[in-house]
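Take a look at the structure below.
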Amino acid sequence: MTATVETALGLWGMEWAEHRLFAARENAVYRVQHAGRAYALRLHRRGYRTDAELRSELAMMMAAGQAGLHVPVPRPAADGALLQVVDGVQVDMLDWLRGAPMGRSAEPLGPGRGPALFRSIGTEMARLHTAWDAWQPPGWFTRCHWDHAGLVGDSPLWGRFWDNPTLDEADRALFRRLRDVAGADLAGRAADLDYGLIHADLVRENLMIDEGRVKLIDFDDAGHGFRLFELATTLLKNMGEPDYEALKAALIAGYLAERPLDTGALDLFLVLRSATYLGWIVPRLDEPGSAARNARFTETTRRLARAYLDGKGGLE
């Protein structure tokens, strides 16, 4: 991979720049230091996104940045293109954002991570949605759809959560029932729900805090989706906090201060968002720590599914 990184740096005119591997999750991200500035060089996971999808992601980020959001700004290579392919690997370069992640999943939130911060997060979510609603994507734009098909269809974006191989028969039956009932519920509500471009992964690790400013990173899963799905993604990862209800109220208040949103179906999107992780984890079950994460995803989805179905009279 070193040769690929060095070749890629040359395409941006940074042949001798200092660089180091910073993160290796879905993508390999290198922190690059050049001419007194820091950049993020991303090497994308092979086969995960098409070139058109990645160019669309970069276009979304450019539009958000131009609207005043704190997001990583893509930087063109020497030939003017934002995306390059080196040794069969898709590569791009972004400005490095200062700040620290809000926290880590499954760990308690630290000091200063209370309702005031969540109100700011809600405000930034709303500003992001407003910016994208005002933006006209190019004709070649293509991104995933977190819609009915993408959540509960035959081939959901993150996999068939009800077919997770670690489920026992009781959970498998519960989640199949959830798919049927929630799918019908979503189909009946969809026409009245706010739908547009969303980030789709505003979890703690992707919310950077810099001197009180909220910055948004990691647009890998951004696409078309329900705006309540955006709120649900953030809330889901904070349900274990002792002041969760206050955090939830603050997030919603921050959002509503910027733009309207009917939150009546929030519980539906909380359980659907939880279920997506049971599909997401399947191809990663052999990775370190995945067994614990899978157990946590199962327990959370089981609890939310039972509460949701009981409320719908659909718990058998």
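The values are calculated or read from the model by the stated rules, or taken from the named source; none is laboratory data. None of the values given here were measured: they were computed from a predicted structure. Using ideal geometry, Cβ is built from the backbone for each residue, glycine included, and neighbour counts are taken over all protein chains shown.
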| note | For segment 1-27, pairs from a residue that is not assigned by TED's automatic domain parsing to the domain that holds residue 281 to a residue that is exposed (fewer than 15 other Cβ atoms within 10 Å of the Cβ) and of a type in the set (S, T, N, Q), with Cβ under 8 Å and 6 or more apart or across chains, are 17/33; 18/33; 19/33
| query | In the set 213, 113, 204, which member is touching a strand residue (DSSP E or B) at 6+ places or on another chain (Cβ under 8 Å) and either within 27 Å of residue 25 (Cα to Cα) or surrounded by 20 or more Cβ atoms within 10 Å (Cβ to Cβ) (or both)? | reply | 204
| Among the residues of segment 230-263 satisfying the criterion of being in contact with an Asp or Glu (Cβ under 8 Å, 6 or more places away or on another chain) and among the hydrophobic types (A, V, I, L, M, F, W, C), which is nearest to residue 108 (Cα to Cα)? | 247
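Yes/no matrix, rows are residues, columns are (1) more than 22 Å from residue 286 (Cβ to Cβ); (2) within 15 Å of the chain's Cα centre (by Cα); (3) at pLDDT 95 or above; (4) not assigned by TED's automatic domain parsing to the domain that holds residue 60:
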residue: 159; (1), (2), (3), (4): no, no, yes, yes
residue: 168; (1), (2), (3), (4): no, no, yes, yes
residue: 174; (1), (2), (3), (4): yes, no, yes, yes
residue: 215; (1), (2), (3), (4): yes, yes, yes, yes
| Of the residues that sit in segment 79-110 and are polar (S, T, N, Q) and crowded, with 17+ Cβ neighbours inside 10 Å, which one is farthest from residue 235 (Cα to Cα)? | 84
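Quick grid of which residues meet (1) modelled with pLDDT under 95; (2) outside any helix (DSSP H, G or I); (3) more than 22 Å from residue 111 (Cβ to Cβ):
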| residue | (1), (2), (3) |
| --- | --- |
| 181 | no, no, yes |
| 184 | no, no, yes |
| 201 | no, yes, yes |
| 209 | no, yes, no |
| 219 | no, yes, yes |
| 225 | no, yes, yes |
| 228 | no, no, yes |
